[in-house]
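*Asks:* Structure provided below as structure tokens; questions to follow.
The values are calculated or read from the model by the stated rules, or taken from the named source; none is laboratory data. Computed from a predicted model, the values in this text were never measured in an experiment. Cβ placement follows ideal geometry from the backbone for every residue including glycine, while neighbour counts extend to all protein chains displayed. To get the accessible areas, we keep the full protein, side chains included, count just its heavy atoms, and leave off ligands, DNA and RNA. Shrake-Rupley method; radii C 1.70, N 1.55, O 1.52, S 1.80 Å.
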Amino acid sequence: MKIAVLVGSNRKESFNKKLAVFMQKRYQATAEFEILPIEQLPMYNQDDELTPPEIVTAIKQKVAQSDGVLFVTPEYNHSIPAFLKNAIDWFSRVDKIMVNKPVMIVGSSPGVLGTVRAQMHLRQILNSPGISALTLPGNEVFIGAVHEKLDESGNLVHVPTIQFIDTVMDNYINWIKKQSL
């Protein structure tokens, strides 16, 4: 099973990048997780959508060929980062690669609420007509106070959080399998 991973942070020490890498390693026996370089995508421009730059074509192809997409997003001003929205805009045009694609959303933040508002906004975006992704229902992963749940090397070590993510990931993998029947 192939999971395309879209991380909404380009910060070097991003908590969400660390979360994505943790999940990639922890669940490698279950699925192949590939973190895609969406921060390298140029800004979406309708003038270029029929002949997009090579990086756009390559990333869209990886998403299209995946069995599911994992969004790992921080929260910026109660929403998602611009370059995450930019990637979604590219995905929504021409071949519309996200239609009926099983999606899971996770996010972490030093704040108490995790990424609740960003994830709510992301769910709205993923439900839009050009995207129409299938978002895993009832399995929200909002990791608040993430800086207290990592060790000095940046590894997630908070056992209750890990156990919760294990449960949600199991639900997601089983849900993807049901979608492909």
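*Asks:* Among the trypsin sites (Lys or Arg not before Pro) in segment 5-91, which ones are in a DSSP loop with at most 16 other Cβ atoms within 10 Å of the Cβ? Mind listing them? Write down the numbers at each step before the final one.
*Replies:* Details: sites: 11, 12, 17, 18, 25, 26, 60, 62, 85; in loops: 11, 12.
Passing both the DSSP loop test and the Cβ count: 11, 12.
*Asks:* Is there a quick way to get the dipole size of the chain? I mean about its Cα centre, with the Cβ of Lys and Arg at +1 and of Asp and Glu at -1; what is the value in debye to the nearest 20? Don't skip to the answer; put the middle values down first.
*Replies:* Values: 18 positive and 18 negative charges, 58 e Å.
Approximately 280 debye in magnitude.
*Asks:* Another one. Under 16 Å between alpha carbons: how many lysine pairs meet that in the chain, if sequence neighbours fewer than 8 apart on the same chain are excluded?
*Replies:* Pairs that pass both the separation and distance tests number 17.
*Asks:* Can I ask one more? Using 0.36 nm times the number of residues separating residue 1 and residue 25, minus their current alpha carbon distance, what extension gain do you get?
*Replies:* On the way: separation 24, 0.36 × 24 = 8.64 nm, distance 1.45 nm.
Full-extension gain reported as 7.2 nm.
*Asks:* A further question on this structure: Quick check: net charge around residue 9, other residues with Cβ under 9 Å of its Cβ, Lys/Arg +1 and Asp/Glu -1?
*Replies:* Working: positive: 11, 17; negative: 39.
Result for the local shell: +1.
*Asks:* With a cut-off of at most 15 other beta carbons within 10 Å, and DSSP calling the residue loop, which GluC sites (Glu not before Pro) in segment 39-76 qualify? Please list them. Spell out each step's value before the answer.
*Replies:* Working: sites: 39, 49, 54, 75; in loops: 49, 75.
Of the GluC sites (Glu not before Pro), the ones in loops of segment 39-76 whose Cβ has at most 15 other Cβ atoms within 10 Å are 49.
*Asks:* Taking every DSSP beta bridge with both residues inside segment 1-148, roughly what % is antiparallel (nearest 5)? Each step should come with its number before you reach the end.
*Replies:* Numbers: 1 of 19 bridges.
Bridges in segment 1-148 that DSSP calls antiparallel: roughly 5 percent.
*Asks:* Express the accessible area of segment 62-145 per residue in Å², computed with a 1.4 Å probe while the remaining protein chains stay in the model. Display every interim value, and only then the final one.
*Replies:* On the way: 3350 Å² over 84 residues.
So segment 62-145 comes to 40 Å² accessible per residue, rounded to a whole number.
*Asks:* Considering Cα pairs under 8 angstrom that are at least six residues apart, work out the relative contact order of the chain and quote it in whole percent.
*Replies:* Numbers: 305 pairs, mean separation 40.6, N = 181.
It comes to 22 percent, rounded to a whole number.
*Asks:* What is the Cα centroid distance between segment 130-165 and segment 16-53, reported in whole angstrom?
*Replies:* Rounded to whole Å, the Cα centres lie 17 Å apart.
*Asks:* Need one number: nm distance between label points at residue 112 and residue 174, each 7 Å from Cα along Cα→Cβ, rounded to one decimal.
*Replies:* For the pair residue 112/residue 174, the computed spacing is 3.3 nm.
*Asks:* So what's the angle, to the nearest 10 degrees on a 0 to 90 scale, between helix 15-26 and the longest Cα principal axis of the chain?
*Replies:* 80
*Asks:* Please find the FRET efficiency linking residue 152 to residue 12, where r is the Cβ-Cβ separation and R0 is fixed at 25 Å, and quote it to the nearest 0.05.
*Replies:* Numbers: r = 16 Å, r/R0 = 0.65.
Computed FRET efficiency for residue 152 and residue 12: 0.95.
*Asks:* 222 nm [θ] for the chain, helices only, -39500 (n - 2.57) per DSSP H run of 4+, per residue, to 500? Before the final figure, lay out the partial values.
*Replies:* Numbers: 5 runs with 66 residues, N = 181.
Taken over the chain, the calculation gives -11500 deg cm²/dmol.
*Asks:* Then there is this: Angle between the Cα long axis of helix 54-65 and the longest principal axis of the chain, 0 to 90 degrees, nearest 10?
*Replies:* Approximately 70 degrees, to the nearest 10.
*Asks:* Among 174, 94, 110, which residue has its Cα furthest toward the positive end of the charge dipole of the chain, with +1 on Lys/Arg Cβ and -1 on Asp/Glu Cβ?
*Replies:* Projecting each Cα onto the dipole axis, the largest value belongs to 174.
*Asks:* Still on this model: Along the charge dipole of the chain, Cβ charges K/R +1 and D/E -1, which of 1, 21, 83 sits furthest on the positive end?
*Replies:* The residue sitting farthest along the positive end of the dipole is 1.
*Asks:* If you don't mind, there's one more thing I want to ask. Please work out whether segment 1-102 counts as rounded, prolate or oblate from its C-alpha gyration tensor, where a ≥ b ≥ c are the square roots of the eigenvalues and a/c under 1.5 means rounded, while otherwise a/b larger than b/c means prolate and anything else oblate?
*Replies:* Values: a/c = 1.99, a/b = 1.26, b/c = 1.58.
Oblate shape, in that a/c is at least 1.5 and b/c is the bigger or equal ratio.
*Asks:* Under the √(5λ) rule applied to the eigenvalues of the Cα gyration tensor, what semi-axes describe the equivalent ellipsoid of the chain? Give them in Å, descending.
*Replies:* Semi-axes, largest first: 25, 18, 15 Å.
*Asks:* Going by alpha carbons, how many degrees (0 to 90, nearest 10) lie between the helix axis of 116-126 and the longest principal axis of the chain?
*Replies:* Long axis of 116-126 versus the principal axis of the chain: about 30 degrees.
*Asks:* Charges at C-beta only: +1 for Lys and Arg, -1 for Asp and Glu. How large is the resulting dipole of segment 101-181 about its Cα centre, in Debye rounded to 20? Could the numbers behind the result be given before it?
*Replies:* On the way: 6 positive and 6 negative charges, 97 e Å.
Here the size comes out at about 460 debye.
*Asks:* Report the GluC sites (Glu not before Pro) located in segment 106-181 that are in a DSSP loop and have at most 11 other Cβ atoms inside 10 Å of their Cβ, or state none.
*Replies:* Working: sites: 140, 148, 152; in loops: 140, 152.
Counting only loop positions with at most 11 other Cβ atoms within 10 Å, the GluC sites (Glu not before Pro) in segment 106-181 are 152.
*Asks:* Same structure, new question: Just to confirm a number: summing +1 for Lys and Arg and -1 for Asp and Glu over residues other than residue 130 whose beta-carbon lies under 9 angstrom from that of residue 130, what do you get? Working shown, then result.
*Replies:* Values: positive: 93, 96; negative: 89.
Within the 9 Å Cβ shell, the charges total +1.
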